[in-house]
Amino acid sequence: MKKLKVFIMLAFSTVTYSAGSMSNKGDKKSSEPDITKLEDIEEEEKVKIADKVNEIDQTDADHISIEPFEKAEESKNGLKNISKMKKAPAKERGIDRMNFYIPVKENNRFTTFGEFDYRSNKNIYQWTLGEGYLNINDSWDFNYRIEREYHVGKKGANSKSYVWDNEISFVRLNKGFKIGNQSVSSRSILGVKHSETDTKLLKANTDYKFYVGQRLSAFFGNIGMGGTYGEMELSLNGVKGSMRNGYSVLTSLKSSSTLGYGFQWSNTFENEYMDYNNYKGAIRSKVESLFRWTYELGRNWAFSPEISVKGEKYFSINEKNYTFEAVVAPYIMYSQNVTDKFRVYAKAGPAYRVEKSRYGETSESRSKFAGYAKLGIEYIF
């Protein structure tokens with residue numbers, strides 16, 4: 001009986017041990033494949049992540065290395081085009097219609113007009129045969145003015161004189177520049193002036209001035225409600241004089257301001273060093289000022305009272321001299337467009353003139369009523 005109990009216990013222990021051993025072996029076999037799969041998954045994920053990073057890096061590299069250079073090349077080409085445009089400055093064209101500047105697109109202008117100036121001591125008949133400009137190309141213009149005057153004395157002063165006052169010039173528009181924030185236009189000028197006075201008592205005096213010059217101009221928008229145009233010019237003149245050849249140097253300053261509400265103010269200052277004819281190192285100074293108000297009475301009419309002052313004096317000569325003139329005049333103005341390019345214009349009114357002059361011991365002074373009339377046509381093309 002004891003032997004049977006021992007045998008049963010041994011058998012049960014053996015079966016238990018075998019079951020435990022099988023159970024441990026099965027657990028081991030089931031867990032080993034799972035560990036291997038996790039390691040493989042981790043390696044695959046690392047490879048995928050690395051490939052993704054490489055793809056992103058390659059995409060960013062392509063984006064950085066190509067697009068900015070394309071944009072830079074486009075900007076470079078754009079700057080080249082802009083620089084080409086800057087090399088050819090545009091000309092500004094305009095006409096004076098009843099004291100106001102009107103921009104136009106036409107590049108050529110021609111006008112001819114007659115004037116009658118009634119004064120206490122003489123009458124002046126003046127005909128400007130032609131005045132204007134012709135466009136040669138994008139840079140050059142041809143300017144011209146052909147003027148003829150006929151002076152007739154009064155009150156026993158049996159004096160008549162004929163005057164020519166002509167000028168032609170070639171004007172080149174140069175590349176502008178800036179002084180601070182202010183744009184400045186530049187022009188080079190090459191021209192000839194012809195002046196001639198012929199009387200019955202004296203031999204005709206004829207002078208020719210051959211000149212080269214430089215003109216700078218600018219528009220100041222902060223001076224006056226409508227802005228101010230300023231101009232400075234320097235010219236060197238070779239003179240073929242009626243008595244003696246020589247030369248002169250002329251400097252001039254001009255300004256024209258639109259003050260607002262129809263008010264305008266223009267000024268001119270000239271200073272010329274003269275060494276020809278009877279002038280030996282003489283200096284001529286001239287000042288002109290014009291203040292006016294323009295009120296439009298309709299589409300074609302305007303009322304324009306104005307005050308003008310002009311003075312001139314020669315320095316460095318032996319004789320005392322000066323001339324002074326002041327005029328107060330209310331004018332009526334007219335302008336009628338026959339077509340878009342052709343118009344008729346006129347100006348007339350009474351005036352009160354004050355004139356004073358002196359040369360050496362001779363002086364003269366007069367204050368009288370006078371009159372003025374002007375009629376002309378203009379064609380732009």
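The values are calculated or read from the model by the stated rules, or taken from the named source; none is laboratory data. Note that this is a predicted model, so its numbers are computed, not measured. Quick reminder, even Gly has a Cβ in these numbers, built from the backbone with ideal geometry, and neighbours come from all protein chains shown.
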Options Tyr359, Tyr372: the member that is surrounded by 15 or more Cβ atoms within 10 Å (Cβ to Cβ), assigned by TED's automatic domain parsing to the domain that holds Gly114, in contact (Cβ under 8 Å) with a residue 24 or more places away in the chain and of a type in the set (Phe, Trp, Tyr): Tyr372
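Of the residues Arg292, Arg299, which is touching a residue at least 40 places away in the same chain (Cβ under 8 Å), more than 22 Å from Thr197 (Cβ to Cβ) and basic (Lys, Arg)? Let's see the steps before the verdict.
Values: Arg299 fails: touching a residue at least 40 places away in the same chain (Cβ under 8 Å).
Residue meeting the stated conditions: Arg292.
Picking from Thr128, Thr111, which residue would you name as being of a type outside the set (Phe, Trp, Tyr), under 29 Å from the mean Cα position of the chain (by Cα) and within 21 Å of Gly371 (Cα to Cα)?
Thr128 is the lone residue from the list that is of a type outside the set (Phe, Trp, Tyr), under 29 Å from the mean Cα position of the chain (by Cα) and within 21 Å of Gly371 (Cα to Cα).
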Selection from segment 204-225 of residues that are under 19 Å from Lys175 (Cβ atoms) and of a type in the set (A, V, I, L, M): Val212, Leu216, Ala218
Qualifying residue in segment 194-216 (condition: polar (S, T, N, Q), crowded, with 17+ Cβ neighbours inside 10 Å, in contact with a Lys or Arg (Cβ under 9 Å, 6 or more places away or on another chain) and free of Cβ contacts under 8 Å to residues at least 60 places away in the same chain): no
Residue that is nearest to Asn337 (Cα to Cα) [pool: residues in segment 355-380 that are among the polar types (S, T, N, Q) and in contact with an Asp or Glu (Cβ under 9 Å, 6 or more places away or on another chain)]: Ser367
Answer residue from segment 300-339, given it is assigned to a loop (DSSP other than H, G, I, E, B) and modelled with pLDDT of 95 or more and is surrounded by the fewest Cβ atoms within 10 Å (Cβ to Cβ) among those: Thr339
Residue list for segment 143-169, restricted to those being touching a Ser or Thr at 6+ places or on another chain (Cβ under 9 Å) and more than 20 Å from Phe113 (Cβ to Cβ): Gly153, Lys154, Lys155, Ser159, Lys160, Ser161
Tally of residues being in contact with a Gly (Cβ under 9 Å, 6 or more places away or on another chain) and surrounded by fewer than 16 Cβ atoms within 10 Å (Cβ to Cβ) across segment 347-356: 2
Filter result for Tyr247 (surrounded by 17 or more Cβ atoms within 10 Å (Cβ to Cβ) and aromatic (Phe, Trp, Tyr)): no
Residue within segment 222-243 that is surrounded by 17 or more Cβ atoms within 10 Å (Cβ to Cβ) and among the aliphatic types (A, V, I, L, M) present: yes
Filtered residues of segment 272-288 (kept if touching a strand residue (DSSP E or B) at 6+ places or on another chain (Cβ under 9 Å) and farther than 15 Å from Tyr322 by Cβ): Glu272, Tyr273, Met274, Asp275, Tyr276, Asn277, Tyr279, Lys280, Gly281
Filter result (closer than 30 Å to Pro330 by Cα, free of Cβ contacts under 8 Å to residues at least 40 places away in the same chain and not charged (D, E, K, R)) within segment 230-264: Gly230, Ser252, Leu253, Ser255, Ser256, Ser257, Thr258, Leu259, Gly260, Tyr261, Gly262, Phe263
